[in-house]
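Visitor: I am attaching a structure below and will ask some questions about it afterwards.
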Amino acid sequence: YIDALDKFGALEYVFPDILKMKGVPQRADYHAEGDVFIHNQMVLEHASILSKDLKQEDKLLVRFGALFHDIGKAYTPFDLLYETDSNGKVTEKGFHFGHDKKDLVESKIKSAADFMRMPNDYRDFAIDVAYVHQLVHDIKNISASKVVKMFNDLGLKNSLNKNLRYVENMMMSCHADSLGRLLTNKQGEI
C-alpha cells in the first residue's frame, strides 16, 4: 500500500511524514538496508506477518505502531546525519539521537493523527511504540528502575488483561522493528 501510494505520487498527501523518511541516512552497521524509508517498509512488512493471526483491532495497532515507530528520524538535525571534513566533503553519519523523545514523537504523531483523523487509541499506541522501541531493544542492558519508569510513563491503568494485550502488541511492533533491518558483520558484509 505504501509503495503504491509512493509510486503514484500520493504518499505526500496521505502519509507526508513517511515520505520525509526517504533519503534520510542511518548508521550502516545497524541499518545496511539503506535509508529510514526502506527500513520502515521492512518493519511494516514484518509487522504484517507477525500480526496476521491477531484480532483486527490488534493487527491495526501493531501495524500503526510499526508504521510510525521511527517518525522522529524524519526530523533528525542535519549535523547528526552528516559531517563535513576539512576539505568540505560531506559524509553520512546517520545518527538519530533523540528520535524517540516523547515530546517529539507525540507532537509528530498527533499532527499525523489529526490529519488522518486517526482514532485516539491508534494514535496513543503509535506514540507509545515510537517512545519505547529503543528501550525495548536494549532492555537487557538497562536498569530495573528504567524499565519500571518506561512502563509507568505509558500510563497503563486499565484492566490487567487490557494491559497485557497492549504490552504484547507493543512488543510485537518492536519485534518487527528488530527484524526489519539488514545488519553487517565486523568486516562490513551484509
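The values are calculated or read from the model by the stated rules, or taken from the named source; none is laboratory data. From a predicted model like this one, the values you see are computed outputs, not experimental measurements. Note that we place each Cβ from the backbone using ideal geometry, even for glycine, and neighbour counts take in every protein chain shown. When the accessible area is computed, the model is the full protein with side chains, heavy atoms only, and any ligands, DNA or RNA have been set aside. Shrake-Rupley method; radii C 1.70, N 1.55, O 1.52, S 1.80 Å.
Visitor: Can you tell me how many residues in region 141-186 are of a type in the set (Ser, Thr, Tyr), exposed (fewer than 13 other Cβ atoms within 10 Å of the Cβ) and at pLDDT below 75?
Guide: 1
Visitor: Before we move on, is residue 109 under 18 Å from residue 175 (Cα atoms) and surrounded by 13 or more Cβ atoms within 10 Å (Cβ to Cβ)?
Guide: Against the criterion (under 18 Å from residue 175 (Cα atoms) and surrounded by 13 or more Cβ atoms within 10 Å (Cβ to Cβ)), residue 109 does not qualify.
Visitor: If you don't mind, there's one more thing I want to ask. Specify which of the listed residues (128, 124, 100) is at pLDDT 85 or above, in a loop (DSSP other than H, G, I, E, B) and within 18 Å of the chain's Cα centre (by Cα).
Guide: None of the other options fit; the residue is 100.
Visitor: So, one more: Is it fair to say residue 72 is part of a loop (DSSP other than H, G, I, E, B), open to solvent by less than 30 Å² (accessible area, probe 1.4 Å) and touching a helix residue (DSSP H, G or I) at 6+ places or on another chain (Cβ under 7 Å)?
Guide: no
Visitor: State which residue pairs qualify: first residue closer than 12 Å to residue 73 by Cβ and inside region 101-112, second residue acidic (Asp, Glu) and modelled with pLDDT of 90 or more in any location, beta carbons under 7 Å apart, and separation of 6 or more residues or different chains.
Guide: Qualifying pairs under 7 Å: 108/17.
Visitor: Pull out all pairs, ordered by first then second residue, where Cβ-Cβ is under 7 Å, the residues are six or more apart or on different chains, the first lies in region 10-34 and is assigned to a loop (DSSP other than H, G, I, E, B), and the second is among the small types (Gly, Ala, Ser) and at pLDDT 90 or above.
Guide: If the second residue must be among the small types (Gly, Ala, Ser) and at pLDDT 90 or above, the pairs left are 20/74; 21/74; 24/74.
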